[in-house]
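For reference, the structure is listed below as structure tokens.
The values are calculated or read from the model by the stated rules, or taken from the named source; none is laboratory data. Remember, it's a predicted structure, so these values are computed and weren't measured experimentally. Heads up, the Cβs are rebuilt from the backbone with ideal geometry, glycines too, and the neighbour counts pull from every protein chain shown.
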Amino acid sequence: MTTYQRTAVFILRLVGIVWAVFFAFMWGLYAVELVLGIEVQHYPPHTIIGNVGFIVLGVAIAATSKPLGRLIGSGLDA
């Protein structure tokens, strides 16, 4: 694995993890506020389901970062 491929894997993992943690943190705060009885805007189910999809997308990017990094970084070491 070349330096370019390792760099691509690192960036993909970082982006995937930050993406998933951001959405999980925001919805976690929303759930805590809801449980504590703080007045919050109620979101429709399709919004919540869509954001769960974003969390899954971030985890999937982080999980598949090695093959994607190899693909992105291939041919750059010439």
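Of the residues making up region 31-58, those that are of a type outside the set (Gly, Ala, Ser), modelled with pLDDT of 90 or more and touching a helix residue (DSSP H, G or I) at 6+ places or on another chain (Cβ under 9 Å) are ASN51, VAL52, PHE54, ILE55, VAL56, LEU57. Of the residues contained in region 27-38, none is found to be under 26 Å from LEU68 (Cα atoms) and surrounded by 11 or more Cβ atoms within 10 Å (Cβ to Cβ). Sub-6 Å Cβ pairs linking a first residue in region 1-26 that is aromatic (Phe, Trp, Tyr) to a second residue that is modelled with pLDDT of 90 or more, at least 6 apart or interchain, are TRP19/GLY58; PHE23/ASN51; PHE23/PHE54; PHE23/ILE55, ordered by first then second residue.
Report whether or not GLU33 is among the acidic types (Asp, Glu) and part of a helix (DSSP H, G or I). Taking the combined requirement at face value, the residue satisfies it. Only one entry in ILE61, ILE72, ILE38, ILE48 is farther than 24 Å from VAL9 by Cα and under 19 Å from the mean Cα position of the chain (by Cα), namely ILE48.
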